[in-house]
Structure formats: structure tokens, C-alpha cells
Amino acid sequence: MLEREVIQQRGFRNVHQGGKPAGFQVRFRLPGYRGIWLSMEEGFEVTVDGEKFSRDQVRVTVGGRSYTQDEMTKLGEIHWSTLEPAILTVSKPGGLKLGVHDVEILEYHRVSYIPYPPEGGAAPGSFGGPRIYKRRMVLVR
Amino acid sequence: MTRKNFLQTVAGAAAGAALSGPRQAAAAARRPRRGVSLYCYTDNFGIDTSLEDCFAEIDDLATEGQEMGLEILANGHIEGYPNPSDAWLKQWFDLLKKYRIRPVEYGHWVDSRLYKGSELDTRQSYNMLVRDIRLANRLGFTVGRTKLGVIDRPGTPTYDTLTPVTNWREFIKMALPVAEKHNFRMCPEIHAPTLLKSKMIDDYVTFIEKEKTTPWFGLNIDFGVFQNRPRAQRAGGRGGAQRPLQFSPVSDMVPLLPYVHACHAKFFEMTDDCEDPLIPYKEIVDTLIKHNWDGYLLSEYEGTDRGVGSGSFDAVRKQHVMLKRLLGEA
């Protein structure tokens, strides 16, 4: 079963490359009542303890395959289920220190069945607009 | 009377009722039937509630031996959508049988804004639609809540009317033979703030009549269109965005009923007396009975306490007490 919080504690960990910490992973469950096609995703922004990671630093794994966020824009046939959290892999040489971190994730996807957002994009928190999720997390490995 | 005698008497009465004459059976069949959309349990599903838990819950709402109707949201409830595994399919059919659940409505989307900066063309829309029609049919569903993309932009006069994409007629027409072959009734959902007397509904009805689409293309009415009292404001609660209520009289539904293949029994609140304080359910159900409408009423709960304790489960249970009373099942 999933954790109720959108940002999942389970799976929050550093990842290694060549034996050295190269970044970290965090699992994000798609909130709401339906899964989406990956091309509908407008992107994730991850912030940890105030440090913001750019779109290029965040890869997304869905269905066992990892994509850059630019690749996702073309994937209209790959479905991301509400039952399967996406794994966000964030590039950060050295990784995160063990212990407590404040994690913030902004997520936004287009919704076809409500009116278009205003020119320039929907404001965070507005109906159908980007949503920001926060959770205090504990990194153990 | 001993407990055993009492139980035998009750069982005998139930059997007698079940075996009453064909006229009575026919009369009973011409009434709306009850069901539930799994949408109600969105904030529990996969978190503290499994598909089997939902089915067991719905079976609990049935009158003894009755088959309850079910709506799912394809993109939300089918593991591995749009290609569920054989193991999942087996579980699906096992659970339907175990809990006497009848698959009725399959919620699906034609995601017009699938790709940034453009809208799906007619062929792409058709392909998306047909993929769902086939899967719905494999799972036993006969009605679709066919959600179309909308084109309204802020500031345009049509902002609040949820105008469907301009090519809907073309791809629906292309899909009609596929729908017929798969015994599937495509139904856009008529949802507040849309009014039943409006250009959008006129357009749908003109299309239905001109192209003779019945029953393969029709309508799903969401009873939120009849909500005539405002929701209480709740600090920090969900669904707080209040707009002036724009609603239709229940009688406006009557001329549409021949084209309505399922309804969303939308609700936001239930009192402890099991009454809906916002939507005129007695008038709605009486109207459906009077006009011999015998489709499914699928509960759709949008309360502010979804996912808080047993909020959604309690609310749906209360609504079904109300529906049983109104339908003469209690």
C-alpha cells in the first residue's frame, strides 16, 4: 500500500555511481483519481532544504524505465498510474547527508477536461494548476 | 417466537417476495438501480483500501441477493492500464463474482491536450477512444463515462460551459460501429455548471437524433446539475471554491431520459437522518420512477472529508439508506 502523503518516505535514499554518492531518489505518488499519460506531465521541480534542482537534474522512472523530463513530453503512450509512485532521481554529487531533510516537490500536468489556464500558465495552487507538496523526511542510506 | 423460527419466517418472506408474479417482477425491474463509483473511495484506494475492500463495501450496500452496479475510472483503478496482466484480469472476474458486482460504467478520457501546444486530431482521438472501448468490453462494462476535452479559455463568454472539442462529432461518429460491436454506450457526463437547457445539450441531442446514435452514444447526467443549495464553507476544507449556484430544475431531465444510460448520484453531504441537504433527491428519484427509467444511479461522493477516517465510506452508506427508501427498497 502507498503512504497517504504524496511524497513517499519509503525509498528516500542516496544513489551511487562508481561507489560514490551521485545523488538521491524520492518516490512521488500521483495524487487524485486518475493516472496520466507521461506527455501530459509538465514537469517536476525538487527542492531540498532550500536547494533547488533544475529540470535537467531530475530524471523520472515509471514502469521500470527512466526518462529525462524532456523525453517525457513525447511519451503519449506511457501511462503513469496513481498506484505506482514515480521515482525521481536527482543528480547531486556527494548525495545528501544522513538525517532529516525538508523536501518540496512541485508537480504540474495538463488537464484536458477543464478550461484552459490563463496565458502564461496557471498559478501554483490554483484549480488545475501546479501543486507544491512538502514533507520532512529522514534519510537513512 | 424462537430465534430459529423468526429466521425461517424472514427467509420465507424473502423467498415469497422473490417469487411474486411476473407483473410485479416487471414493475420492479423498471426502476432505477443502485451502484457506486469507486471515485468515492479515491482518497483511500491503494492507501488503506484494496479493490477487494471496495467490492466488499459495495456488496454491503446491496439488498440481500441484489447485484450492485459499479463504475471504475479506467486510468485510476485498472492495474497496468491500458494493458492489465492476465493475473489482474483473473482477479477482476473472481472479485465480481464473489461480491455479486455488475460492471456498469467505465470512466475514460479523450485527453485532447495529450501533447503540449496542440490538440489531438480526429484520428488520434478515435484511437484513444477505441482503445478504451475494447478494454471496457473485456472487463464487462456496457456504458462509458466518456470525458471529452474542453476548449474554453478564461475570459471568453463560454468559460463556464465546458464546451467540448470542436471535432467531437467526427471521432464519435467514427467510433459508433466499434461501440456497437462492443456493446458499449459512450456518454459524455453532463456536469455542473452546465445547464440541461443549454446550447451544449442541444448540440448533443441534435447529434443523437440526426445520426440515430441511440444507444451507442448518449448522456450521463451528474445530479450535481440539480444542486440548489450552497455547500457550507469549511475553513481549510476541500471543494471550498464557491461559485454562484447555476442549476437546472429536475423536470428538465425528462426529455433527455431516452438518451441517458447512467447517472452520477453526486453528493457532497449527508445528514445523520440519511438525507441529502443540497440536492433534491426525492424529486429526482420520483421523476425517474415515473418515467420508467431503469438505468444505474452510481454514487459519486465529493465531500470534504474524503480520506479522513471512514468519511467516504460512511457517506456512501448513508446515501444508500436514502436511495433504498426513495426507491421503495426499504
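The values are calculated or read from the model by the stated rules, or taken from the named source; none is laboratory data. Not measured: the values here are computed from a predicted model. Cβ atoms come from the backbone with ideal geometry, glycine included; neighbour counts cover every protein chain shown.
Data table
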{"item": "Residue in the stretch B:277-318 that is farthest from the chain's Cα centre (by Cα), counting only those that are among the hydroxyl-bearing types (Ser, Thr, Tyr) and at pLDDT 95 or above", "result": "B:Thr287"}
{"item": "Enumerated strands (runs of 3 or more DSSP E) restricted to the stretch A:24-131, each holding at least 1 residues that are touching a His at 6+ places or on another chain (Cβ under 9 Å) and either more than 9 Å from chain B (Cβ to nearest Cβ) or closer than 30 Å to B:Asp152 by Cα (or both)", "result": "A:41-48, A:58-62"}
{"item": "Test: residue in the stretch B:122-134 that is more than 14 Å from every other protein chain (Cβ to nearest Cβ), crowded, with 16+ Cβ neighbours inside 10 Å and closer than 18 Å to B:Ala262 by Cα", "result": "yes"}
{"item": "Criterion (surrounded by fewer than 19 Cβ atoms within 10 Å (Cβ to Cβ) and of a type in the set (Val, Ile, Thr)) met by exactly one of B:Thr156, B:Thr163, B:Thr194, B:Thr146", "result": "B:Thr156"}
{"item": "Selection count where residues are touching a residue at least 12 places away in the same chain (Cβ under 8 Å) and under 27 Å from B:Arg113 (Cα atoms), scope the stretch A:113-141", "result": "11"}
{"item": "Index of the failed condition, B:Leu288 passing every other in (1) of a type outside the set (Asp, Glu); (2) more than 18 Å from B:Leu38 (Cβ to Cβ); (3) in contact (Cβ under 8 Å) with a residue 60 or more places away in the chain; (4) surrounded by fewer than 18 Cβ atoms within 10 Å (Cβ to Cβ)", "result": "(4)"}
{"item": "Considering residues of the stretch A:115-137 that are of a type in the set (A, V, I, L, M) and out of contact with any Phe, Trp or Tyr (no Cβ under 7 Å at 6 or more places or on another chain) only, the residue nearest to A:Pro31 (Cα to Cα)", "result": "A:Ile132"}
{"item": "Considering residues of the stretch B:202-237 that are at pLDDT below 95 and among the aliphatic types (A, V, I, L, M) only, the residue surrounded by the most Cβ atoms within 10 Å (Cβ to Cβ)", "result": "B:Ala232"}
{"item": "Which numbered condition B:Thr214 misses (of (1) part of a loop (DSSP other than H, G, I, E, B); (2) out of contact with any Pro (no Cβ under 9 Å at 6 or more places or on another chain))", "result": "(2)"}
{"item": "Residue, surrounded by the fewest Cβ atoms within 10 Å (Cβ to Cβ), within the stretch B:79-102, restricted to residues that are within 14 Å of chain A (Cβ to nearest Cβ) and touching a strand residue (DSSP E or B) at 6+ places or on another chain (Cβ under 7 Å)", "result": "B:Pro82"}
{"item": "Residues satisfying the stated conditions in the stretch B:63-78, i.e. surrounded by fewer than 18 Cβ atoms within 10 Å (Cβ to Cβ) and on the phi < 0 side of the Ramachandran plot", "result": "B:Thr63, B:Glu64, B:Gln66, B:Glu67"}
{"item": "Residues of the stretch A:132-141 that turn out to be more than 22 Å from A:Ile36 (Cα to Cα), of a type in the set (Lys, Arg) and not in a loop (DSSP other than H, G, I, E, B), as a count", "result": "2"}
{"item": "Total residues in the stretch A:89-123, condition surrounded by 18 or more Cβ atoms within 10 Å (Cβ to Cβ), among the aliphatic types (A, V, I, L, M) and in contact with a strand residue (DSSP E or B) (Cβ under 6 Å, 6 or more places away or on another chain)", "result": "4"}
{"item": "Residues satisfying the stated conditions in the stretch B:151-189, i.e. within 13 Å of chain A (Cβ to nearest Cβ), closer than 28 Å to B:Leu278 by Cβ and at pLDDT 95 or above", "result": "B:Pro164, B:Pro188, B:Glu189"}
{"item": "Filtered residue count, the stretch B:41-78, keeping only those that are under 21 Å from B:Leu129 (Cα atoms), within 14 Å of chain A (Cβ to nearest Cβ) and of a type outside the set (Gly, Ala, Ser)", "result": "6"}
